[in-house]
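What follows is a short report on a single structure.
The values are calculated or read from the model by the stated rules, or taken from the named source; none is laboratory data. It should be emphasised that the depicted structure is a prediction, and the values quoted were computed from it without experimental measurement. FYI the Cβ positions are ideal-geometry reconstructions off the backbone, even for glycines, and counts take in every protein chain you see.
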Amino acid sequence: MTHKITDSSRRDFLKITGLAGGGLVLGLSLTGCSKPSALGAEGGQPVAWLKIDSENAITVLVDRSEMGQGVYTSLTQLLAEELEVSLDAIRVVAAPVNAVYVNALLGAQITGGSSSVRDGWEKLRKAGAQARMMLVQAAATHWDVDAAKLTVQGGYVVNGSKRLSYGALAENAAKLPVPTDVTLKAAKDFKLVGKPQKRIDTAAKVDGSALYGIDVKLPGMLHAALAQPPVLGGSLNRFDAKAAETMPGVKKVLATASGVVVVADHYWQARKALAAVKISWKAGPNASLSTEGIKAKLRAAASRPGRDVRKEGDATAAIKGAAKILSATYELPLLAHATLEPQNCTADVRQDSADIHVNTQTQQVAQGVVAAVAGLKPEQVFIHTTLLGGGFGRRLEVDYLTAAVEASKAMGKPVKVIWTREDDTTHDAYRPPAHDEVTGALDAQGNLVAWKLHLTGPSITARMFPAVVETAIDPFAVEAAQNYPYDVPNIAVTYNREEIGINVGYWRSVSHGLNCFVAESFMDELAHAAGKDPYAFRAALLGKQPRYKRVLDTAAEKAGWGKAPAGHFQGIALMEGYGTYMAQVAEVSVEGGALKIHRVTCAVDCGSVVNPNIVDQQIHGSILFGLTAALWGEITLAGGQVQQKNFDSYRLLRLPEAPPIDVHVIDSTEAPGGLGEPGTALIGPAVANAIFAATGKRLRALPIAKQKIVTI
Amino acid sequence: MTTIHVNGQALETNATPDTPLLWVLRDHLGLTGTKFGCGQALCGACTVHIDGNPTRSCQLPLGSVGDKAVTTIEGLSADRSHAVQKAWMELDVPQCGYCQSGQIMSASALLANNAKPTDAEIDAALAGNICRCGTYDRIRKAVHRAADLLQSAPANAAK
C-alpha cells in the first residue's frame, strides 16, 4: 500500500501462552524470529495483544505510541469489535519491544506514516476473533455443548440462561489451539468500528494524571539538564565545572557524546548549575552554514538532471511543441517539529539491564541505541513507552535518549534529562528544505499536455534507514510527486538528492508537505494560464481517478465553489497520501493587505473509518499543523546556528487564529487509509491558491508571512 | 523551608526562593499535571490559578507566591467534576493532551469571572495557551458547554 522500509513478507502464526496465575495471553509471533518462547512475558512485561485475567480484567497491549492521534482507542476498537466487549471494559497499556509488534507497512516497531490503523485493521480484528473463539470453545467444553450454539455478550459466553465470564474461562481457553480458520465480521455487523467512540485516554488528560515522559518518577531518580553544541554538528572542546559543582543539589557534571550534562537532586538546580558551567565548543564543519548558503547549494544542485521518479510519454518533446509553456521555481524552508512536550528521557541503567521510560515513536531503534550506549545487549534493554506530548515525527529520532543513558550509567541511579524549549527548537532534525523546478505545457485549447517536475533536496531516509536508499530513490522524498494524479500524456518527474550538512527528519506528512505544495500551486498556475477555473481544470483531468474526483467534487460542492461572498476568494487543492484521498477549499479575504482565512472545507475518502470522532480530530489537527507551517514556519541558520529559539521566534497557531473547518467524510468500504498527515500537506496550497485568487500574486515560497504579499 | 498553599493544603518545600513555581510543583511536590512547555510564559502549558487568576507558573518564583492560594489541575476537582472537565470529556477535546491542563485552568478562570463568554472573549482568554495538536475548535465549543453546565448547576461555580 505504501513504502516498506524492509521487506516484511514473513508469514505469521499465532501462539498462546498461559499467564502465571492463570489467564489468557494471546500473542502473535513471526516465523524466523529468534525466540517465540519469549511470548508471555519479557522482563516482567507481557508480550501479547491482550490479557484476560481470572478476575475478568481485560488488558489490551497497544503496540503503537499514543501521541494524540488516538491509537489507544482506535486500535483497541478493532480488537474489541471481534472480542465483543465494550471499550470501557478494557484497560490499555503500551506494548514493550518485540518482533510481534513490527509494523508490516514500515518493517519495524514504528508509529508513523499514518500507518497504525492500516497495519492493525485485519491483524487486531483477527486477534480479537481468535480470542473470542477460544473462550467460546472453552465454554463449550465446560458445558459439553456445541460451540456453535453459544453466543457472547459483554464479556460473557452465554448458553441459554447460563453464562460464564471471559475471566472464568481464560485459563482453560489459553490451553486450546489457536484457531486458524477465522471469519471476520462484515462491515454491516460492526458495533464499534465505524461508530463514533469516546477516546479511552480523555479522562486522564483532563485531570492531570496522564503520564508523559516528562512526568516519570523513579525511586532515587536524579534530574539533569543538558547543554548541546550551539553550532549543529559541533562538539565539546572543554568545560570548567568548578563553580557549578559546588552549587546546591549538584551531584555531577559530565561530558556526554551530545554535550555537557549537569546531574542534580532537582531539575531547577541542574538548570541553574548548567548556566554556571564554562563550556567551549568546537564549531565543526557547519561554522559558516547559512540559510542562503543552503538555498544556493540546492539551486546549484538542481542543474543536474536528477533520477527518474516517473516517466510517461516524452515531456521534453511535448513542451517544445506546445502552444504555451509555463515554468516556475518553488523554494520551501526548513521546519521544526515543536512538540509541546520538550524532548526528555528517563534512564535507569544497571550492570546487566536497563529500563528506559520514554515518549518514543520507534521502540526497536530506541532499544538498539540504548544498548549500544549502555554497553548492553538489546534484549537487556526494556523500553517503557509513555504517552507522547506530540510526536509529528520528532520522536522517530533517538538523539534525546542518549544523554540520560550516559548519565544514569555514570551515576548508578535513574536519571531524567529534560531539554529546554530552546534546546528543542535549535536541535531538531528539521523538515527538509526544497528547491523544485516545474514546467507545464498547454496546447492551443488550453489542455495540459506535459508536466515536468524536478525535485531537489536532502534525503531523510539516507540517514535513518540507509539500506533503503542504497540503490533506490528515497521514497519519502517523492510523495505526491510520484503519484501525481492528473491524466496528462507526458509526465517527467525527477529527483536530485543534495545533502545540506545538517540532519533532516520526518515531519508530519513528510515529502507530501513539500511536493503537494509545489504540484497543487503549479496546477493552479496552469489553470489560470489556460484561462480555466482551477476546480474545473483539475476535474477534467481526473476521468480515470474516481476517488480523487469524488473528493474534489465534494469539497467544491460543500464549499460553494465559485459562490464565495463578495470580497472572499477560494483556493482548491487535491492529494492522495497514505491511502487517503483528500481535497480542501480555503476561503480567504485580503483587505488592506491583511489575510483572513474564513473557512476551510475538507472532503476526505479514507476508506473504512474506524472512529469518526478521531477522524474529525485528526483532520482538524492536521490542517492547523499545516496552516501554522504555511503561515509562519521557517527555521533559519546563521553561522551554523538555528536562529529561532522559542515560541516568540518560532510561531505556532493560537486559538483566535484557527479558522472554522468543515469536514466531509465519504462513505466507503475500501481498506482504511491513514489520516494523521494528508490534511497537513494540503492546507498550504489551498490557502496559497486562495491568496492568488484574491491578489493575483503567486506564492512560490513559504512561509506566507515572509513573502510580502499579504500581512497576517 | 518555604510553605505554600496548594490545592487547599499548606505544603512545605526546601526549594530555593528563585525556583519557578512550576518546578516546585512538579519536582518537589509531585504535582506533574502542570506542564513545562516553553519556560518563557509563551505557551500556557504551566497555567495554574493564583488566588483564582490564571498565572504562568514557569515565570513565578517560589519566593513570590507568599500566602496566595495556588490551584493546579489536580486541585480543580477531586473527581473530574468541575464543569470545564466535564465539558472537556463530553466533547473529547484532548489529542496528545499535553497542553490541556493549562487550557482547562485558563478556561475555568475565565468562567469564574464571566459566566457566558462570547467567542471573542474565549479567544482572548485562551490566546496564551498553545495547542500544537490543533484542538481549538473543540476547546471553544467546550468552554461554551461548560458555561451551560455551570448555569444549570451553579453550585459548581464555587469549585
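Residue-wise test of (1) within 30 Å of A:Ala540 (Cα to Cα); (2) in a loop (DSSP other than H, G, I, E, B).
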| position | (1), (2) |
| --- | --- |
| A:Asp399 | no, yes |
| A:Ala410 | no, no |
| A:Glu422 | no, no |
| A:Thr425 | no, no |
| A:Glu437 | yes, no |
| A:Ala441 | yes, no |
| A:His454 | yes, no |
| A:Ala467 | no, no |
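Could you list all residues from the range B:58-75 that are crowded, with 24+ Cβ neighbours inside 10 Å and part of a loop (DSSP other than H, G, I, E, B)? B:Thr72, the sole residue that qualifies. Scanning the range A:57-77 for residues being within 12 Å of A:Gly120 (Cβ to Cβ) and part of a loop (DSSP other than H, G, I, E, B) gives a total of 2. Of all residues in the range A:647-679, those satisfying the criterion of being under 22 Å from the mean Cα position of the chain (by Cα), at the interface with another protein chain (Cβ under 10 Å from one of its Cβ atoms) and of a type in the set (D, E, K, R) are A:Arg651, A:Arg654. Figure legend. Inter-residue proximity from the range A:210-221: first residues assigned by TED's automatic domain parsing to the domain that holds A:His384 and at positive phi, second residues surrounded by fewer than 21 Cβ atoms within 10 Å (Cβ to Cβ) and part of a loop (DSSP other than H, G, I, E, B), beta-carbon distance below 7 Å, spacing 6+ or different chains. Indicated pairs: A:Gly220/A:Lys413. Of all the listed residues (A:Val504, A:Val478), the sole one being more than 14 Å from every other protein chain (Cβ to nearest Cβ), of a type outside the set (Phe, Trp, Tyr) and touching a Gly at 6+ places or on another chain (Cβ under 9 Å) is A:Val504.
Given A:Leu211, A:Leu184, which one is surrounded by fewer than 19 Cβ atoms within 10 Å (Cβ to Cβ) and farther than 22 Å from A:Leu83 by Cβ? Checking each option against the conditions leaves just A:Leu211.
Being in contact with a helix residue (DSSP H, G or I) (Cβ under 7 Å, 6 or more places away or on another chain), modelled with pLDDT of 95 or more and basic (Lys, Arg) is a property that A:Lys324 has. Taken over the range A:659-700, the criterion of being of a type in the set (Ser, Thr, Tyr) and either outside any helix (DSSP H, G or I) or farther than 23 Å from B:Asp137 by Cβ (or both) is satisfied by A:Ser668, A:Thr669, A:Thr695.
With respect to the conditions (1) in contact with a Lys or Arg (Cβ under 8 Å, 6 or more places away or on another chain); (2) surrounded by fewer than 21 Cβ atoms within 10 Å (Cβ to Cβ); (3) β-branched (Val, Ile, Thr), A:Thr291 falls short on a single one, namely (1). Within the range A:440-451, is there a residue that is of a type in the set (Phe, Trp, Tyr), over 20 Å from A:Tyr535 (Cα atoms), in contact (Cβ under 8 Å) with a residue 24 or more places away in the chain and buried (at least 20 other Cβ atoms within 10 Å of the Cβ)? No, the conditions are met nowhere in the range A:440-451.
Count of the range A:371-396 residues, restricted to those that are crowded, with 23+ Cβ neighbours inside 10 Å, more than 14 Å from every other protein chain (Cβ to nearest Cβ) and either part of a loop (DSSP other than H, G, I, E, B) or in contact with a Leu (Cβ under 6 Å, 6 or more places away or on another chain) (or both), is 0.
Considering the range B:8-20, and only residues there that are within 11 Å of chain A (Cβ to nearest Cβ) and either in contact (Cβ under 8 Å) with a residue 24 or more places away in the chain or crowded, with 16+ Cβ neighbours inside 10 Å (or both), the residue that is farthest from the chain's Cα centre (by Cα) turns out to be B:Thr16. Please go through the range A:361-374 and give me each residue that is closer than 23 Å to A:Gly70 by Cβ and in contact with a strand residue (DSSP E or B) (Cβ under 6 Å, 6 or more places away or on another chain), ordered by number. Answer for the range A:361-374, where residues must be closer than 23 Å to A:Gly70 by Cβ and in contact with a strand residue (DSSP E or B) (Cβ under 6 Å, 6 or more places away or on another chain): A:Thr362, A:Gln363, A:Gln364, A:Ala366.
Residues that are part of a strand (DSSP E or B) and surrounded by fewer than 23 Cβ atoms within 10 Å (Cβ to Cβ) within the range A:598-610 comprise A:His598, A:Arg599, listed in sequence order. When restricted to residues that are of a type outside the set (Lys, Arg), part of a loop (DSSP other than H, G, I, E, B) and facing chain B (nearest Cβ under 10 Å), the range A:185-220 contains 9. Considering the range A:237-286 alone, what residues qualify as being over 29 Å from A:Ala638 (Cβ atoms), within 36 Å of the chain's Cα centre (by Cα) and away from every other protein chain (no Cβ under 14 Å)? Matches in the range A:237-286: A:Val253, A:Leu254. For first residues located in the range B:128-142 and more than 7 Å from chain A (Cβ to nearest Cβ) and more than 19 Å from A:Arg651 (Cα to Cα), partners that are surrounded by fewer than 24 Cβ atoms within 10 Å (Cβ to Cβ) and not charged (D, E, K, R) and lie 6+ apart or on another chain with Cβ distances below 6 Å form the pairs B:Arg138/B:Leu91; B:Lys141/B:Leu91; B:Ala142/B:Leu91.
Take the residues of the range B:76-89 that are more than 9 Å from chain A (Cβ to nearest Cβ) and not in a loop (DSSP other than H, G, I, E, B): which is nearest to B:Cys133 (Cα to Cα)? Taking the candidates together, the pick is B:Ala87.
Taking (1) closer than 25 Å to A:Ile356 by Cβ; (2) assigned to a strand (DSSP E or B) in turn, A:Arg238 satisfies each apart from (1). The set of residues from the range A:295-321 being modelled with pLDDT under 95 and among the β-branched types (Val, Ile, Thr) is empty. Reported count of residues in the range B:91-132, each being in a helix (DSSP H, G or I) and either among the basic types (Lys, Arg) or in contact with a strand residue (DSSP E or B) (Cβ under 6 Å, 6 or more places away or on another chain) (or both), is 4. One residue is enough: does the range A:484-505 have a residue meeting the conditions under 17 Å from the mean Cα position of the chain (by Cα) and in contact (Cβ under 8 Å) with a residue 40 or more places away in the chain? So far as the range A:484-505 goes, yes, one or more of its residues are under 17 Å from the mean Cα position of the chain (by Cα) and in contact (Cβ under 8 Å) with a residue 40 or more places away in the chain. One residue alone among A:Leu624, A:Leu631, A:Leu653 is in a loop (DSSP other than H, G, I, E, B), more than 28 Å from A:Lys123 (Cβ to Cβ) and assigned by TED's automatic domain parsing to the domain that holds A:Phe569, and that residue is A:Leu653. Run B:Trp23 past the list (1) within 13 Å of chain A (Cβ to nearest Cβ); (2) part of a strand (DSSP E or B); (3) not hydroxyl-bearing (Ser, Thr, Tyr) and report the number of the one that doesn't hold. With (1) within 13 Å of chain A (Cβ to nearest Cβ); (2) part of a strand (DSSP E or B); (3) not hydroxyl-bearing (Ser, Thr, Tyr) applied to B:Trp23, the lone miss is (2). Residue count for the range A:636-663, restricted to those that are surrounded by 22 or more Cβ atoms within 10 Å (Cβ to Cβ) and either touching a strand residue (DSSP E or B) at 6+ places or on another chain (Cβ under 7 Å) or β-branched (Val, Ile, Thr) (or both): 2.
State whether one or more residues within the range B:105-124 are buried (at least 22 other Cβ atoms within 10 Å of the Cβ), at the interface with chain A (Cβ under 7 Å from one of its Cβ atoms) and modelled with pLDDT of 95 or more. Within the range B:105-124, none of the residues are buried (at least 22 other Cβ atoms within 10 Å of the Cβ), at the interface with chain A (Cβ under 7 Å from one of its Cβ atoms) and modelled with pLDDT of 95 or more.
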